[in-house]
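The values are calculated or read from the model by the stated rules, or taken from the named source; none is laboratory data. These numbers come from a predicted model, not from an experiment. Cβ atoms come from the backbone with ideal geometry, glycine included; neighbour counts cover every protein chain shown. Remember, those area values only see protein heavy atoms, side chains included, never the ligands or the DNA or RNA. Shrake-Rupley method; radii C 1.70, N 1.55, O 1.52, S 1.80 Å.
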Amino acid sequence: MRSGDEMLAQVVEKSAVDADFREQLLADPKAAISSELGITIPDSMNIRVHESDMQTVHLALPPDSNITEEQMEAISAGLCCCW
């Protein structure tokens, strides 16, 4: 099984070379990621994709310590990372 970091790298790399995938990723992240990685993303998980530019820096913070058991299972399964 691939790690969350490996899956993230695959999605980011594809978005850099495939304009159609990048548009899909921005419009419907769950569907684009599910299709690309062949995984099912739980309905309870939210994914937000931010497109960087030269004037904007996006900072992703780790989950706080009050995460649910379902969220912890997703993290340990590699389905959740810094998206």
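With all protein chains present, how much of the accessible area of the chain (probe radius 1.4 Å) comes from carbon and sulfur, to the nearest whole percent? Don't skip to the answer; put the middle values down first.
Working: 3240 of 6220 Å².
Carbon-and-sulfur percentage of accessible area, whole number: 52.
Stokes-Einstein diffusion coefficient for the chain at 25 °C in a medium of 0.890 mPa s, Rh from the Kirkwood formula over Cα pairs: what value in µm²/s?
Values: Rh = 13.7 Å.
Here the translational diffusion coefficient equals 179 µm²/s.
Quickly work out the VAL12-to-ASP53 label distance, labels modelled 7 Å from Cα along the C-beta direction, and quote it in nm with one decimal.
2.1
Compute the long axis of helix 4-17 from its Cα atoms, compare it with the longest principal axis of the Cα atoms of the chain, and write down the angle in degrees, 0 to 90, nearest 10.
Rounded to the nearest ten degrees, it is 10.
Tell me what the chain gives for mean residue ellipticity at 222 nm when only DSSP H runs of n ≥ 4 count, each as -39,500 (n - 2.57), the sum divided by the residue total, rounded to 500 deg cm²/dmol.
On the way: 4 runs with 40 residues, N = 83.
Helices in the chain give a 222 nm mean residue ellipticity of -14000 deg cm²/dmol.
Any chance you could run the full-extension gain for ALA27 through ASN46? It's 0.36 nm times the residue separation minus the Cα-Cα distance, nm to one decimal.
Working: separation 19, 0.36 × 19 = 6.84 nm, distance 1.33 nm.
So the chain would gain 5.5 nm between ALA27 and ASN46.
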